[in-house]
Amino acid sequence: FDHSKAHFYRYDEQVSLCLERQSSSSSSGKDKSKLTLQQKFVRCSARAEVRHLRRVLCHRLSVEKSQVQMLFNNESLPDHMTMKQLWLSHWFGKAQPLVLHYTIKDKRTR
Amino acid sequence: PDEEEEEQREVFEFEFSDRPLLPCYNIQVSLSQGPRNWLLLSDVLKRLKMSARTFRATYTNIEVATIAEAEFYKQASLSQLFSSPDELEGFLPDSKELLDLVEISSELVALLGSSLECLDDSWDPVATARS
């Protein structure tokens with residue numbers, strides 16, 4: 001068959017994620033809802049990396065990249081970790097979706 | 001369509017939904033093309049609260065592919081992402097029944113109420129909000 005498109009990310013295995021906001025006590029109610037994803041269920045290529053997810057989150061929530069941190073079990077995830085690595089190391093044997101947390105740091109406290 | 005495909009080369013697509021996403025299976029349905037990502041038509045119909053007949057009549061451009069359940073099971077169970085015993089529980093490994101599949105596309109994503117966020121190599125979001 002046509003191998004020229006076989007490498008497209010869209011044809012990769014997909015991972016199903018649930019992105020929950022880990023809120024800080026300092027955020028006010030208004031900020032909290034503005035900085036929380038309304039569509040928290042996400043599907044993407046297993047080759048997508050944590051940094052890609054962060055970038056997309058920044059765009060969705062209109063914040064700067066440095067404000068977003070991705071966490072699993074309260075531990076910060078390395079930027080270059082792929083979703084597949086994450087799945088195999090932290091979620092193998094469990095049902096979809098993989099639950100990740102994110103925090104939005106206050107711009108002023110950077 | 002070729003140009004469109006070319007544009008989408010090396011673009012990461014992120015599908016966002018406020019409801020749990022339907023299971024997606026990376027399956028090769030024909031020898032003429034590589035693996036693609038599919039949803040079960042039955043899952044889609046349930047979510048849309050629509051009959052198969054209405055779906056096929058309304059969305060004539062959305063192709064429905066078929067695969068034997070045994071072959072579907074064989075391929076799906078090879079995935080390390082389907083490592084939970086519950087995920088493929090409803091499927092019969094030896095069944096000769098045919099399953100209907102629909103390929104994930106921007107149209108289907110929008111139909112299901114999700115939105116797409118795309119990221120190109122320069123890290124710029126290239127297209128958004130199709131819902």
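Only loop residues by DSSP count here, and only those with at most 13 other Cβ atoms within 10 Å; note down the GluC sites (Glu not before Pro) in the stretch B:1-101 that meet that.
Details: sites: B:GLU3, B:GLU4, B:GLU5, B:GLU6, B:GLU7, B:GLU10, B:GLU13, B:GLU15, B:GLU63, B:GLU69, B:GLU71, B:GLU87, B:GLU89, B:GLU97; in loops: B:GLU10, B:GLU63, B:GLU87, B:GLU89, B:GLU97.
Within the stretch B:1-101, the qualifying GluC sites (Glu not before Pro) (loop, at most 13 other Cβ atoms within 10 Å) are B:GLU10, B:GLU63, B:GLU89, B:GLU97.
Just tell me how shielded B:19-28 is by partners: mean number of partner chain Cβ atoms within 10 Å of each residue's Cβ, no decimals. If you can, show how the numbers build up before the last one.
Values: counts 3, 6, 9, 2, 4, 6, 2, 5, 0, 1.
Neighbouring Cβ atoms belonging to other protein chains average 4 per residue here.
Taking θ = phi - 60°, what integer Hz values does the Karplus form 6.51 cos²θ - 1.76 cosθ + 1.60 yield along the stretch A:47-62, in sequence order, with x for Gly and Pro?
8, 5, 9, 4, 5, 5, 4, 4, 4, 5, 4, 4, 5, 4, 9, 6
Report, by chain and number, residues whose modeled amide H sits under 5 Å from the one on A:LEU98, excluding near sequence neighbours (fewer than 5 apart, same chain).
Result for A:LEU98 returns A:SER16, A:LEU17, A:CYS18.
Please state, to two decimals, what the Cα-based radius of gyration of the stretch B:17-58 comes to when divided by 2.2 N^0.38 Å (N = residues).
In units of the 2.2 N^0.38 Å rule of thumb, it is 1.38.
Using the per-residue mean of other Cβ atoms lying within 10 Å as a proxy for protection, in what order, highest first, do the peptides A:36-47, B:104-115 fall? Intermediate values should be presented prior to the final figure.
Values: A:36-47: 19.6, B:104-115: 17.8.
Ranked from most to least packed, the peptides come out as A:36-47, B:104-115.
Once phi is turned into θ = phi - 60°, what whole-Hz ³J(HN,Hα) does the Karplus curve with 6.51, -1.76 and 1.60 give for every residue of the stretch B:14-24, x standing for Gly and Pro?
In residue order, the calculated couplings are 10, 9, 10, 9, 8, 10, x, 6, 5, x, 10 Hz.
Can you give the mean number of other chain Cβ atoms that lie within 10 Å of the Cβ atoms in peptide A:11-22? Write out the running numbers ahead of the final one.
Numbers: counts 8, 5, 9, 10, 2, 8, 2, 2, 1, 0, 0, 0.
Neighbouring Cβ atoms belonging to other protein chains average 4 per residue here.
Counting only other chains, what is the mean number of Cβ atoms within 10 angstrom of the Cβ of each residue in peptide A:35-44?
Values: counts 0, 0, 2, 4, 10, 5, 8, 7, 13, 7.
The shielding value for this peptide is 6.
Residues with amide H under 5 Å of B:LEU99's amide H, sequence separation 5 or more or different chain, H placed in the peptide plane at 1.01 Å from N; which?
Amide H neighbours of B:LEU99: B:ILE67, B:ALA68, B:GLU69.
Put one equal scatterer on each alpha carbon of the stretch B:17-106, apply the Debye formula with no solvent term, and list log10 I(q)/I(0) at q = 0.11, 0.17 1/Å to two decimals.
Cα-only, vacuum Debye calculation for the stretch B:17-106: -0.32, -0.78.
Show me, for the stretch B:67-79, the HN-Hα J-couplings you get by feeding each phi into the Karplus relation (A = 6.51, B = -1.76, C = 1.60, θ = phi - 60°), rounded to Hz, glycine and proline as x.
Each residue of the stretch B:67-79 in turn: 8, 5, 4, 5, 5, 4, 4, 4, 6, 5, 6, 6, 6 Hz.
Which of the trypsin sites (Lys or Arg not before Pro) found in the stretch B:28-97 are loop residues per DSSP with 16 or fewer other Cβ atoms within 10 Å of their Cβ? Could the numbers behind the result be given before it?
Numbers: sites: B:ARG36, B:LYS46, B:ARG47, B:LYS49, B:ARG53, B:ARG56, B:LYS74, B:LYS96; in loops: B:LYS49, B:LYS96.
Of the trypsin sites (Lys or Arg not before Pro), the ones in loops of the stretch B:28-97 whose Cβ has at most 16 other Cβ atoms within 10 Å are B:LYS49, B:LYS96.
All of the numbers you see were taken from the coordinates with simple rules; none came from a lab. The structure displayed is predicted, hence computed values, not measured ones. So basically every Cβ, Gly included, is an ideal-geometry build from the backbone, and we count neighbours across all protein chains shown.
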